[in-house]
Amino acid sequence: MTDRSFGGFVARAAAAGELVVQPRMGVAGPARMRAGLAAVRGAGVRAAGTITVDSFTRVGEHLAVRRALDTGAELNGYPIVAHSPGTTRAVLDGLRGRDFPVQVRHGSACPQKIVAALLAAGLDATEGGPLSYCLPYSRVPVAESVRAWAESCLLLSDARERGARPHLESFGGCMMGQLCPPSLLVAISVLEGLFFRQHGVDSMSLSYAQQTDPGQDAEAVAALRALAAEHLSDVDWHVVLYTYMGVFPRTPHGATALLERSAELAVRTGAERLIVKTTAEAHRIPTVAENVTALVTAAAAAAQAEPGGPIEDTGVLDEARALVEAVLGLAPDVGIALVRAVERGYLDVPYCLHQDNAGRTRAFVDGDGRLQWSRIGALPLPAGRAVPAAAPTADELLRSLTHVERAFDRPSPRPQE
Amino acid sequence: MELDAARPDAARLDIVVSGLASDAHTWNLVYLQLVLEEMGHRVTNLGACVPDGLLTSKCGQAAPDLVVLGSVNGHGFQDARRVIGPLRARLAGTPVVIGGKLGVDGAGGRAAALLAAGFDAVFEDADAIPQFRRYVERLSAGVRS
């Protein structure tokens, strides 16, 4: 039988030495959504397709979706719950296949309806996680998100009965998009992977988002691979890298260079898949054409890049391992351990306003451009992991938030080399 | 206290900062909180994805001097036009302002419709933050606590 699974596609690309590139892409109308997928498929690169769900659907405001569809108002994605399974099947028909898997991206802390809708349309790949789509993006209590994600994992894993191999990606490596130190990103990705496995998912990806320093990022991806190898050896997994998720360069040359650096980082670290950003990122939701350009640019940069190279050790693996082991020590059930870990501040995301997040940690970009803790709160890390730093004033926060944008928007054509 | 001493005519305002129902972005809200706190004001930050009912009830309870809504996900225009009516029903005379990227096309130009819908000010230009600071300064100078 032909392997149409998301994980199988990525594994075949990796075996061929090719990086899978993937956009974020979602429009409300089925015909335009189909045209977008067709353009990605026809881009001439090893691409996975994306259906990004609109944010009304993400937060469960299905009435607002209906109103927007009825009145022709703008939606920022494809309303997969409002459209019938038949409509979504027609969007995918003849496009999705062995050489073009499609992942549904949504951002929901309680994604059961979205998961049910994508399964009903014959899809079986999605992403998120009980912490990564709860703490930064929702008002849902962590315990409720854990229950919702356990149900969603079960819905997905049930699709194995129809011969599918459902794939779930942890968004844990992207917490808050920026200013979350690498060790916490790595730890949350691994912990969400363990949660997915506990609830029956046996094909998954672990994420990491490009941050401020290529050397630190390479160390972080190596740490992610090391911990995944230790903890998830009995499931199919790969690493998905995200092009920078923070305040993005506004110039075309800066945005393109940052994208190229992320593709090089992916190849250097053995990440199998890359979620790209476009030159429109700083300004608006990108067009299909801008997404296709970004995919081609990233694939070209990846083809020129060299795998391997030295990886320094500044303690990211030790920190991430300390976080993972401390959390797993809180309960034999991973979901309960996650809830307790947030309660105790063992997992405490800097600047995250969620009511369950302890909010006692802070991070900043240091003078060398590396991401550092300035306060570690109750994180179970050795003392001395935090660097004393100035109190985070608005200006200081803005300086850290815009560090990458400023570096890449400088007139120099190839920054950070 | 230093801030009060430096600007004796300015009042310390109680300000609610909030995202809108469908918007998951929070950096804009974290930043706005710091900006306002450094100006000497007290901020209640409701965070991201605040449903309309929660926003109106929290604002009703807090009886703030100013409500600041931030949105950058492209749904701000729709979310804001929907919620301003219920907000006005609870806070008839309280200044309510909004800023950010309010539409999916990045074109701007939605200020007139939002002002007509009941907002007191809309900040979506390149120099939105300086304009916003000046707005809050004027408001603060005109309020006696």
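Every read-out reported here was derived from the displayed coordinates using simple, explicitly stated rules and does not represent laboratory data. Quick caveat, the model's predicted, so the values are computed rather than measured. As a convention, Cβ positions derive from the backbone with ideal geometry for all residues, glycine included, and neighbour counts pool all protein chains shown.
Miscellaneous remarks
- For the stretch A:25-153, alpha-carbon Rg over 2.2 N^0.38 Å: 1.04
- When the P(r) is computed for the stretch B:2-126, the part past 26 Å accounts for 17% of the Cα-Cα pairs.
- Intensity falloff of the protein assembly as shown expressed as log10 I(q)/I(0), Debye formula with alpha-carbon point scatterers, at q = 0.07 Å⁻¹: -0.38
- Taking the square roots of five times each eigenvalue of the Cα gyration tensor of the stretch A:220-375, the equivalent ellipsoid has semi-axes of 31, 21, 16 Å, listed largest first.
- Loop trypsin sites (Lys or Arg not before Pro), the stretch A:80-129 (other Cβ atoms within 10 Å of the site Cβ: 14 or fewer; DSSP): A:Arg98
- A Cβ-based charge dipole, computed about the Cα centre of chain B with Lys and Arg at +1 and Asp and Glu at -1, lands at about 380 debye.
- Cut-off 13 Å between beta-carbons: net charge of the residues surrounding A:Leu397, Lys and Arg +1, Asp and Glu -1: -2
- Contact order normalised by residue count of the stretch A:6-304, Cα under 8 Å, 6+ apart, percent: 19
- Values of log10 I(q)/I(0), in the order q = 0.09, 0.12, 0.13 Å⁻¹, for the stretch A:6-304 under a Debye, Cα-only, solvent-free model: -0.38, -0.71, -0.85
- GNM top mover of A:Glu319, A:Glu272, A:Glu74 - chain A, alpha-carbon springs below 10 Å: A:Glu74
- Within a Gaussian network of chain A (alpha carbon springs, distance under 10 Å), most fluctuating of A:Ile114, A:Ile188, A:Ile285: A:Ile285
- For B:Lys101, a cut-off of 27 angstrom between C-alpha atoms picks up these lysines, skipping any fewer than 8 places away in its own chain: A:Lys277, B:Lys58.
- Using C-alpha pairs below 8 Å separated by at least 6 residues, the relative contact order for the stretch B:25-145 is 21 percent.
- Virtual spin-label span in nm between A:Thr87 and A:Val235, 7 Å along Cα→Cβ: 3.2
- Sites matching chymotrypsin sites (Phe, Trp or Tyr not before Pro) across the stretch A:159-214 that sit in DSSP coil, with at most 15 neighbouring C-beta atoms within 10 Å: none
- Within a Gaussian network of chain A (alpha carbon springs, distance under 10 Å), most fluctuating of A:Asp202, A:Asp313, A:Asp70: A:Asp70
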